[in-house]
Every structure is written in structure tokens, then in C-alpha cells.
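Engineer: After the C-alpha cells below, expect a handful of questions from me.
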Amino acid sequence: MADEGLGWTDVETTGINAEEERLLEVATIVTDLELNILDDQGYQAIVYYSPDEVEHMKSVCNPYVLEMHTKTGLWDKLSSGKLLEQIDEELLAYIKKFLPNERSGWLGGNSITLDRNFINKNLPKVAAHLHYRSLDATSWAGPAQWWFSGLQYRKKTVHSAFSDIVESIEEIKFLRDNMVKPRGLTGEKYSVKREADLFHVSNQTFDVEVLKKEAEDAGLTLQQYVEHNARILTELAISLKNNS
């Protein structure tokens with residue numbers, strides 16, 4: 001049980017418009033704020049549709065979606081799925097096991113606006129319990145490529161809800177560890193020793209007075225100056241790694 005955490009969620013649907021398309025599958029994994037998975041099994045459920053409804057959805061959906069769900073076998077599983085009302089109750093109970101307080105869990109995932117729209121439309125109890133804020137791995141992926149020398153997490157794109165959400169967590173861990181942690185932005189109080197440890201050098205290497213003077217000349221605080229230089233070194237390291 002955690003005071004705060006993330007409800008990483010992925011949905012599979014017949015399209016991207018929650019007002020017109022159907023929710024087919026949902027999966028959720030809960031993590032704490034350090035991205036530690038609190039239950040490896042997670043929650044996953046397929047939505048029930050009658051055989052006639054399935055055939056109709058297949059006849060009118062986008063060809064890409066039709067092929068994708070055919071490859072994963074999702075179409076064939078729908079007739080043995082669960083009613084939306086049951087999934088709403090079950091998923092709410094699952095999330096509350098780890099995040100019992102309302103609005104204590106942010107929604108996490110990739111391009112999470114789509115998932116939230118389908119949750120709001122089809123799973124109102126879950127929607128009401130989750131925080132309105134989100135952690136979107138996709139919103140990190142773009143800046144990683146723009147500002148960190150093409151840094152990119154290589155996805156497998158299985159297109160099953162559970163596999164996709166596991167991959168979302170792995171992606172955000174990769175981006176965090178390569179974009180944030182090397183810069184020293186770990187929530188710890190700033191210290192010269194910690195900055196030295198980040199670069200595996202003795203803290204005697206840093207002459208604090210010299211650093212202060214250089215920071216002052218640059219119009220920065222000491223912490224801003226060190227973090228600025230840490231970012232440059234991080235980008236250089238990533239560039240060398242990508243080109244090795």
C-alpha cells in the first residue's frame with residue numbers, strides 16, 4: 001500500500017474516438033513513485049461482446065485495427081469477456097488495494113489521453129478514483145530524441161494491453177535513468193560530494209571556490225552551474241554511447 005503512486009494503464013479499442021469506438025481490453029499495473037511494480041500480475045480484462053457485435057465491429061473498423069487485433073487474437077476472445085460494469089468494479093478494487101485514497105494515483109502510460117478518454121467513458125468508478133494528472137511516457141520520448149542526441153527506447157509493439165503497459169514502465173525507467181538521474185536531479189539535497197560521485201571522481205577534484213566564481217561569472221547559482229555542466233557531460237556521454 002502506498003500514499004501515492006501510478007496506475008499504469010493501457011487499453012485496446014476499435015479506434016481512437018472514445019465517443020464513437022468501443023473499449024475491448026484494459027490492463028493496469030500499479031507502481032510507487034520510484035516505478036517499483038507493486039504486483040507483477042497486475043489486472044487485465046477483456047470486454048464482453050456478442051458474436052454479432054464482434055462481427056459488426058470488424059466490418060466497420062479501420063483496416064489497421066482489424067489486422068492488429070486479428071494477429072493478437074483479441075477478436076476471438078471478446079465473446080468470453082466480462083461486462084464493463086464488472087470490469088469497472090474489479091479494476092477499482094484492484095487499484096484501491098495499493099492506492100486506497102481517492103486521487104492518490106496518477107494515470108500512467110503512453111499517449112495516455114486516449115486511454116483516459118476511454119476510461120472516462122466506460123469505467124466511471126475507476127476514472128473518479130484516479131487523479132486527474134497523468135505521467136505520459138510519450139511526452140518524455142519526444143524531448144529525449146530532440147535534446148539528448150536521439151536517445152530512444154526501442155519498443156517491441158506487441159499490441160496487447162498488458163504487454164504494452166509493461167513496456168510503458170520500462171520506457172519511462174529508461175528515459176528517467178538516461179535523462180534525469182545522470183544530471184543529479186534525484187530529489188536529494190545538492191552537495192559537491194554527490195556531484196563528484198555521479199561522475200566517479202574524487203570530490204577533491206572540485207575546487208568549490210573556483211566553481212562559485214565561475215557560477216557567479218555566468219550569472220548562475222552554484223547548483224545551477226553544476227547541473228548545467230552535468231547536462232552537457234551527460235549529452236556527450238549519450239552521444240558517444242550511441243555512436244560507439
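Engineer: Hey, among the residues in segment 93-141 that are in contact with a Phe, Trp or Tyr (Cβ under 8 Å, 6 or more places away or on another chain) and of a type in the set (Ser, Thr, Tyr), which one's surrounded by the most Cβ atoms within 10 Å (Cβ to Cβ)?
Structural biologist: Applying the filter and picking the extreme gives Tyr94.
Engineer: Got at least one residue in segment 99-109 being part of a loop (DSSP other than H, G, I, E, B), under 20 Å from Gln41 (Cα atoms) and in contact (Cβ under 8 Å) with a residue 40 or more places away in the chain?
Structural biologist: Looking through segment 99-109, at least one residue is part of a loop (DSSP other than H, G, I, E, B), under 20 Å from Gln41 (Cα atoms) and in contact (Cβ under 8 Å) with a residue 40 or more places away in the chain.
Engineer: Across segment 148-173, what is the number of residues that are of a type outside the set (D, E, K, R), touching a residue at least 24 places away in the same chain (Cβ under 8 Å) and in contact with a strand residue (DSSP E or B) (Cβ under 9 Å, 6 or more places away or on another chain)?
Structural biologist: Count: 9.
Engineer: Residues of segment 149-170 being over 22 Å from Lys71 (Cβ atoms), crowded, with 19+ Cβ neighbours inside 10 Å and in contact with a helix residue (DSSP H, G or I) (Cβ under 6 Å, 6 or more places away or on another chain), which ones?
Structural biologist: Leu151
Engineer: Further question: Take the residues in segment 113-125 that are in a helix (DSSP H, G or I) and touching a residue at least 60 places away in the same chain (Cβ under 8 Å), then tell me which one is nearest to Ser160 (Cα to Cα).
Structural biologist: Asp115
Engineer: Might you let me know whether segment 74-87 holds any residue that is crowded, with 19+ Cβ neighbours inside 10 Å and either of a type in the set (Asp, Glu) or at positive phi (or both)?
Structural biologist: no
We did not get these values from a lab; they are worked out from the coordinates using the rules stated. Note that this is a predicted model, so its numbers are computed, not measured. Every residue, glycine among them, receives a Cβ derived from its backbone with ideal geometry; neighbour counts consider all protein chains shown.
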